[in-house]
Amino acid sequence: MKKHIPNTITCCNLVSGCIAVTYALMGEPGMALLWIIMGAVFDFFDGMSARLLGVSSPIGKELDSLADDVTFGVAPSAMVYHELCVMEWPAAVTSLCAPALPYLPYLAFVMAAFSALRLAKFNLDERQTTSFIGLPTPANALFWGSLIVGAGRWIESTPWGAVALLVGVCVSSWLLVAELPMFALKFKHWGWKGNEVKYIFIVSCVPLLLFFGITAFAFIIAWYIVLSAVKRPHQ
C-alpha cells in the first residue's frame, strides 16, 4: 500500500494544477494562484514521502514531471493568456498585426512548452543535485501568479502592458532552459562561508514581503535570478 502514497500525492498536485487552469481561464487569478501553491505543497511532499518510504520509482519521476508541467507550466500560462485576452493592444500593434491579433494571446502557452522542456532536462541532468541549471518551474509559476494577482490592474492600465507580458513570456521561456546556474536553498551546514548568497537572499525577502504583499513574490523571484546571475552557486 505504501508504494502508492507518493504517486497519490503527485496526482493531487496534478489535480490542483487542473483546478488552477480552470480558475485562470474563468478570470479568477487569485484562486488560480491559490491552487498553484496547493500544487507546490503536494509537489514538496511527494518527493519527501518517496524518500522516507523508500519507494522511489521511474514511473513516479515521470508522473511528477507531468503534474509539474500542468501546475507550474500550463496554469501560469493560462493566467497570462486570460490577461492578454482582456487587455487592449497599442494602436501600433493593432495596425501592424490586425489579422493575427485574436491569436496573439495563445503565445502565452509557449511558456508551458518550455516548462515541459525544462522538466525533461532536469530529469536527465546530473548536475542539478545541489543547485539548478535554469529557472525552476515552481519559481516561474510563482512569479507570474503573484504578478498578475498583485499588479494585474496596473498592467491592464499600462498602454504597452500586453506587449510587456509577451516579452516577459519570451524571457521566462528562455530562463527556464538557459545554462544559467541558480542556487537552491539547501544547506550542507549553517555557517556563513559558502552560504552567503542564500542568507542574503532570505534576509532581503523580508522587507519585500512587508512592503509589497502578494506582488513581493514576483520581486523575490526576479531578485533570485539576479543573485544567481551575479554569483554562481557553489557546486
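The values are calculated or read from the model by the stated rules, or taken from the named source; none is laboratory data. All values derive from a computational prediction rather than experimental measurement. Using ideal geometry, Cβ is built from the backbone for each residue, glycine included, and neighbour counts are taken over all protein chains shown. Just so you know, the surface numbers come from the protein's heavy atoms only, side chains and all, with ligands and any DNA or RNA stripped out. Shrake-Rupley method; radii C 1.70, N 1.55, O 1.52, S 1.80 Å.
Structure notes:
- Residue count for segment 148-193 under the criterion of being open to solvent by less than 70 Å² (accessible area, probe 1.4 Å) and in a helix (DSSP H, G or I): the result is 19.
- Selection over segment 109-125 of residues that are assigned to a loop (DSSP other than H, G, I, E, B) and either touching a Gly at 6+ places or on another chain (Cβ under 7 Å) or of a type in the set (Lys, Arg) (or both) gives a count of 0.
- Total residues in segment 50-86, condition among the hydrophobic types (A, V, I, L, M, F, W, C), closer than 19 Å to residue 143 by Cβ and either open to solvent by 80 Å² or more (accessible area, probe 1.4 Å) or touching a Pro at 6+ places or on another chain (Cβ under 9 Å) (or both): 4
- Flag if residue 119 is open to solvent by less than 70 Å² (accessible area, probe 1.4 Å) and under 17 Å from residue 218 (Cα atoms): no
- For segment 30-46, the condition holds for at least one residue, the condition being that it is open to solvent by less than 30 Å² (accessible area, probe 1.4 Å), at negative phi and more than 14 Å from the chain's Cα centre (by Cα).
- When segment 204-235 is filtered for residues that are more than 26 Å from residue 36 (Cβ to Cβ) and in a helix (DSSP H, G or I), only 230 remains.
- None of 106, 81 is in contact (Cβ under 8 Å) with a residue 40 or more places away in the chain, in a helix (DSSP H, G or I) and either hydrophobic (A, V, I, L, M, F, W, C) or within 25 Å of residue 158 (Cβ to Cβ) (or both) except 81.
Per-residue answers, yes or no, for (1) under 26 Å from residue 17 (Cα atoms); (2) out of contact with any helix residue (DSSP H, G or I) (no Cβ under 6 Å at 6 or more places or on another chain); (3) at pLDDT below 90:
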position: 119; (1), (2), (3): yes, no, no
position: 125; (1), (2), (3): yes, yes, yes
position: 132; (1), (2), (3): yes, yes, yes
position: 150; (1), (2), (3): yes, no, no
position: 157; (1), (2), (3): no, yes, yes
position: 193; (1), (2), (3): no, yes, yes
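- Verdict on residue 116 being closer than 29 Å to residue 66 by Cα and in contact with an Asp or Glu (Cβ under 6 Å, 6 or more places away or on another chain): yes
- Among the residues making up segment 98-116, those that are modelled with pLDDT under 95 and open to solvent by 50 Å² or more (accessible area, probe 1.4 Å) are 98, 99, 102, 103.
- Residues located in segment 126-142, provided they are over 14 Å from the mean Cα position of the chain (by Cα), part of a loop (DSSP other than H, G, I, E, B) and either closer than 19 Å to residue 185 by Cβ or β-branched (Val, Ile, Thr) (or both): 127, 128, 129, 130
- Listed by first and then second residue, the pairs with beta-carbon distance under 7 Å, at least 6 apart or on different chains, first residue in segment 119-131 and in contact (Cβ under 8 Å) with a residue 24 or more places away in the chain, second of a type in the set (D, E, K, R) and part of a loop (DSSP other than H, G, I, E, B), are 130/186.
Residue-wise test of (1) of a type in the set (Phe, Trp, Tyr); (2) farther than 19 Å from residue 114 by Cβ.
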position: 12; (1), (2): no, yes
position: 21; (1), (2): no, no
position: 26; (1), (2): no, yes
position: 34; (1), (2): no, yes
position: 44; (1), (2): yes, yes
position: 53; (1), (2): no, yes
position: 79; (1), (2): no, no
